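A short write-up of the structure that comes next.
The values are calculated or read from the model by the stated rules, or taken from the named source; none is laboratory data. Being a predicted model, the structure only gives us computed values, none of them experimental. Cβ coordinates were reconstructed from backbone atoms using ideal geometry, including for glycine residues, and neighbour counts include every protein chain displayed. Each accessible area value is taken on the protein alone, full model and side chains, heavy atoms only, with ligands, DNA and RNA left out. Shrake-Rupley method; radii C 1.70, N 1.55, O 1.52, S 1.80 Å.
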Amino acid sequence: MNTTKHTISILVNNQPGVLQRVASLFGRRGYNIESITVGKSEEEGLSRMIIVTNGDHHKLEQISKQLYKLIDVIKVIDISANPMVERELALIKVNAEPSIRPEIIGVVETFRATIVDISPKSIMVQVVGDSEKVKAMVELLKPYGVIQITRTGVAAMIRGV
Amino acid sequence: MSTQTLKATNKELYAKLMQPDVITGSEILLRSLLLEGVDCVFGYPGGAVLYIYDAIHGNPDFNHLLTRHEQGAIHAADGYARSTGKVGVCIATSGPGATNLVTGIATAYMDSVPLVIITGNVMSTAIGTDAFQEADITGITMPITKHSYLVRDVKDLSKIVHEAFHIASTGRKGPVLIDIPKDVSALKTKFTYDSKISIRGYNPTVLPNKLQIERLLKAIDEAKKPVILAGGGVVYAGAQNELLKFVTKTNIPTITTLLGIGGFPSSNDLWLGMPGMHGTYTANKAIQNCDLLIGIGARFDDRVTMKVEGFAPNAKIAHIDVDPAEVGKVVETAIPCVGDVKKVLELANKKAKPAQSEAWIEELQKMKKEFPLKYEDGDNHLKPQYVIEMIHETTKGEAIVTTDVGQHQMWAAQYYRFNHSRSWITSGGLGTMGFGFPAAIGAQLGNQDRLVVSINGDGGMQMCAQELAICAINNIPVKIVVINNQVLGMVRQWQEIIYDNRYSHIDLSGSPDFVKLAEAYGVKGLRATNKEEAQKAWQEAMDTPGPVLIDFIVEKHENVYPMVKQGSTIDEMLMGDS
């Protein structure tokens, strides 16, 4: 069966060690973690993790079932099986001598990204969007000399009710 | 549940334990364990559990057995749990005490055994500083526990203990670890005990989907060659009577996996034996030729399926299991039936009808007669299979038998015939050498009126031999059998068959004299080198009230047959020369 990318939302108890439990499960059973984000959810005491992974239908079913066996896991949803909104934020520091800055700013503005810091030799770009957009932004900035990239990983949600 | 039992059986103790006194974390722990109905704890003290052991000192209600190694403690708790169905409990100190439990925790996890493991840890303030005897035991054991707790506040302790027992003993059972920092065990708070449980992320499925049961019964109705594969889940769910009823009603031949042994009476005509690598000819052939395979509390382990691609090629597979993650994990399952095995079978039994299986049964019965388990016996050598058969006959199949891991384990599984569940105790999933003997001690303490026989190899016997001390000191009357071939037999067998007789590091000659070793610990030791001596020594062991070790010097080159090599399908069996 086809291996495809999946975005899974996992509602967990906000307990010490819960990230370790989930990450350790993925590691032990050979499931891939492409990105992971964790933060407080709408409910006191619960956090939501968004994990981007890949696998076929059988693997995804196993991931979900194995996650449910963790006592601290409350709900697992493959949100990529639904229409969803997926967003990621990246900060990209690029070499930027004053002479080349207008060109870079042109690229950044086309992407509706923003310049969040400027120093004598570099600028810092903030881009928000789905992973494809972030990837494209990085590719476009590469020729100027990317010094550092930091990405938040994906936050995602099903559209509608 | 167990709290209710205590309330009913010992009102006085219950009332005493429930007093809202201001007490230390250690006293809270002991009270909570007693309220859970714990009647026996295995453990080993140390720096981080000194407050706990101080509370045990002088507590007349608390029964603690000091082992000689933490590994002995956890295997004993495991044997206790497997043989009684209750939760096994053990205690160890921080650092090395806790890490010595790791093999035992993994053993219990693989075989779904309910344990509550108490470890001490360094002071809360010292955690993370690489303090003396500090180890991150909750981190280390995360992949081999069903759940674990690091107690941060003494006020949470009684609730945590109660939750731990609930989690360990419900759904798919398993070990739960509670790590208690030393200061938490010393701090005082008012004792409260809430018997209600509410864990939002934990609701094991008990009742199955009725539609799936209908589908199962329909599949049975349509099948010509149905087979049941019953595993440890039948034993753990206490579903042996329901299974017998189901088999009787449906007339389906039944195979028991290594852990399922005893879950279905071997005296029943429809029993085909064990499947897999060292399974019976008929059991393996039945799986390969059946058109409906009903897995009940079995997880299609690789030692059962062997080459998965060629496993049960003609069968529609139905799977009854309490753990949804096992359904469809290894084999494609047409009829998934998630729920408590006992409940599922109870429901199925209401409408179960005989399958059209007469011709199939006839075929299998013929096969059973034609290809029974066999070995070449003789008067010159003492054969290991003979020793097991002798033990079976003299104990009439009524003993609790624990084994270690290797050839003797397979011979015991093949030649000791069980008719009761919870009488066969062996490390199936993890295959832990050193398990069998301490597990027998736990089984004996949980079943004081039954005969407990611990069957070991001469390799595994040396992995936990130190527990001979506690048998002698506490007069625990386990009959310790050593099937002594002076070699790591199963490794030797593989090296002979698969590695062209290149015997690498398997020679155990020069091992201690087991008779003298037993005697050094104060346990009676006997030796037998031929059939006559074997019968005499075994009879003497049976007639001796306390613990006895019997060293059976057996034929070195004996192999376990049938054998399916890795990479083969289960019907490609080596049958041996005999």
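Express as a percent, rounded to the nearest 5, the fraction of DSSP beta bridges in the protein assembly as shown (both residues included) that run antiparallel.
Of those bridges, close to 45 percent are antiparallel.
What ³J(HN,Hα) values, in whole Hz, does the Karplus curve 6.51 cos²θ - 1.76 cosθ + 1.60 give for segment B:298-307 when θ = phi - 60°, with x put for Gly and Pro?
These are the phi-based 3J(HN,Hα) values: 10, 10, 6, 4, 5, 6, 8, 7, 6, 5 Hz.
Given charges of +1 on the Cβ of Lys and Arg and -1 on the Cβ of Asp and Glu, with all other atoms neutral, how large is the dipole of the protein assembly as shown about its Cα centre, in debye to the nearest 20?
Roughly 1780 debye, rounded to the nearest 20.
Considering the Cα trace of segment B:384-560, what is its radius of gyration and what is Dmax, both in angstroms?
In Å, with Rg to one decimal and Dmax whole: 15.1, 48.
Would you mind checking the pairs B:LYS159/B:LYS210; B:LYS383/B:LYS479; B:LYS245/B:LYS369 and listing those with alpha carbons more than 23 angstrom apart?
From the list (B:LYS159/B:LYS210; B:LYS383/B:LYS479; B:LYS245/B:LYS369), the Cα-Cα distance tops 23 Å for B:LYS159/B:LYS210; B:LYS245/B:LYS369.
Shielding by partners for A:65-73, please: the mean number of other protein chain Cβ atoms within 10 Å of each residue's Cβ.
On the way: counts 8, 3, 1, 5, 11, 5, 11, 5, 3.
Per residue, the number of nearby Cβ atoms from other chains is 6 on average.
Would you grab the residues whose amide H sits under 5 Å from the one on B:TRP424? Only those 5+ places off in sequence or on another chain, please, with H modelled 1.01 Å from N.
B:VAL401
Rg and Dmax of chain A, using alpha carbons, in Å: what are they?
According to the Cα coordinates of chain A, Rg and Dmax are 18.5, 58 Å.
Straight-line reach from B:LYS316: which aspartates and glutamates have Cα under 12 Å away, leaving out those fewer than 8 places along the same chain?
Leaving aside aspartates and glutamates fewer than 8 places away in the same chain, those within reach of B:LYS316 are B:GLU222, B:ASP291, B:GLU332.
Among the aspartates and glutamates, which fall within straight-line cross-link reach of B:LYS343, defined as a Cα-Cα distance under 16 Å, with same-chain neighbours fewer than 8 residues apart omitted?
In chain and number order, the partners are B:GLU214, B:GLU242, B:ASP321, B:ASP323.
Hey, got the Cα dimensions of chain B along the principal axes, in Å, largest first?
70, 61, 44
With 19 Å as the limit, write out which pairs from A:LYS75/B:LYS196; B:LYS173/B:LYS396; B:LYS307/B:LYS565; B:LYS11/B:LYS188; A:LYS59/B:LYS329 have Cα-Cα distances beyond it, or answer none.
Distance filter (> 19 Å) returns A:LYS75/B:LYS196; B:LYS173/B:LYS396; B:LYS11/B:LYS188.
Pick out, in residue order, every one of the chymotrypsin sites (Phe, Trp or Tyr not before Pro) in segment B:392-479 that is DSSP loop and has at most 14 other C-beta atoms within 10 Å; say none if there are none.
Hits after loop and neighbour filter: nothing returned.
Picking from A:VAL38, A:PHE111, A:GLN66, whose Cα lies most toward the positive end of the charge dipole for chain A (charges on Cβ: Lys, Arg +1; Asp, Glu -1)?
Positive-most Cα among the choices belongs to A:GLN66.
Quickly estimate the mean residue ellipticity at 222 nm for the protein assembly as shown, helices only: each DSSP H run with n ≥ 4 gives -39500 (n - 2.57), and the total goes over all residues, rounded to 500.
Details: 28 runs with 262 residues, N = 739.
Using -39500 (n - 2.57) per qualifying helix, the result is -10000 deg cm²/dmol.
Which value, in debye to the nearest 20, describes the size of the charge dipole of chain B about its Cα centre when Lys and Arg Cβ atoms bear +1, Asp and Glu Cβ atoms bear -1, and nothing else is charged? Before the final figure, lay out each step's value.
On the way: 55 positive and 63 negative charges, 356 e Å.
Roughly 1700 debye for chain B.
Which ³J(HN,Hα) values, rounded to whole Hz and listed in residue order, are derived for segment B:81-96 from phi using the Karplus coefficients 6.51, -1.76 and 1.60 in 6.51 cos²θ - 1.76 cosθ + 1.60 with θ = phi - 60°, glycine and proline given as x?
5, 5, 7, 10, x, 8, 7, x, 10, 9, 10, 9, 7, 6, x, x
When 1/r is averaged over all different Cα pairs and the result inverted, which Kirkwood radius in Å belongs to segment B:219-301?
Hydrodynamic radius (Kirkwood, Cα pairs) of segment B:219-301 is 12.4 Å.
Amide H to amide H under 5 Å from B:ILE178: which residues, 5+ apart in sequence or cross-chain, H placed 1.01 Å off N in plane?
Those lying under 5 Å, H to H, from B:ILE178 are B:ILE117, B:ILE118, B:THR119, B:TYR149.
Work out from phi, with θ = phi - 60° and the Karplus expression 6.51 cos²θ - 1.76 cosθ + 1.60, the ³J(HN,Hα) of each residue of segment A:41-51, listed in order in whole Hz, and give x for Gly and Pro.
9, 6, 10, 3, x, 10, 10, 10, 10, 10, 10
If the only charges are +1 at each Lys and Arg Cβ and -1 at each Asp and Glu Cβ, what is the size of the charge dipole of segment B:89-165 around the Cα centre, to the nearest 20 debye?
In total the dipole reaches around 180 debye.
Which of the aspartates and glutamates could a cross-linker span from A:LYS121 if the Cα-Cα distance has to be under 12 Å and same-chain partners fewer than 8 positions apart are dropped?
In chain and number order, the partners are A:GLU97.
Can you give me the long-range amide H partners of B:SER568? Hydrogens built in the peptide plane at 1.01 Å from N, cutoff under 5 Å, separation of 5 or more residues or another chain.
For B:SER568, the qualifying residues are B:LYS307.
What ranking, highest mean first, results for peptides B:362-374, B:326-338 when packing means the other Cβ atoms within 10 Å averaged over each residue? Could the numbers behind the result be given before it?
On the way: B:362-374: 14.4, B:326-338: 19.2.
By packing density, highest mean first, the sequence is B:326-338, B:362-374.
Residue by residue through B:539-547, how many Cβ atoms from other chains fall within 10 Å of the Cβ on average? It would help to have the intermediate numbers written out before the result.
Values: counts 0, 0, 0, 0, 0, 0, 0, 0, 0.
Average neighbour count from other chains, rounded to a whole number: 0.
Would you work out which of B:LEU272, B:ILE320, B:VAL405 lies farthest towards the positive end of the dipole of the protein assembly as shown, given +1 charges on the beta-carbon of Lys and Arg and -1 on that of Asp and Glu, about the Cα centre?
Most positive-ward Cα: B:ILE320.
Rank B:TYR53, B:TYR109 by accessible area, highest first, at a 1.4 Å probe radius?
On the way: B:TYR53 35, B:TYR109 60 Å².
These residues rank, largest area first, as B:TYR109, B:TYR53.
Place +1 on the Cβ of every Lys and Arg and -1 on the Cβ of every Asp and Glu in chain B, take the dipole about the Cα centre, and give the residue among B:SER195, B:ASN100, B:ASN380 whose Cα lies farthest towards its positive end.
B:SER195
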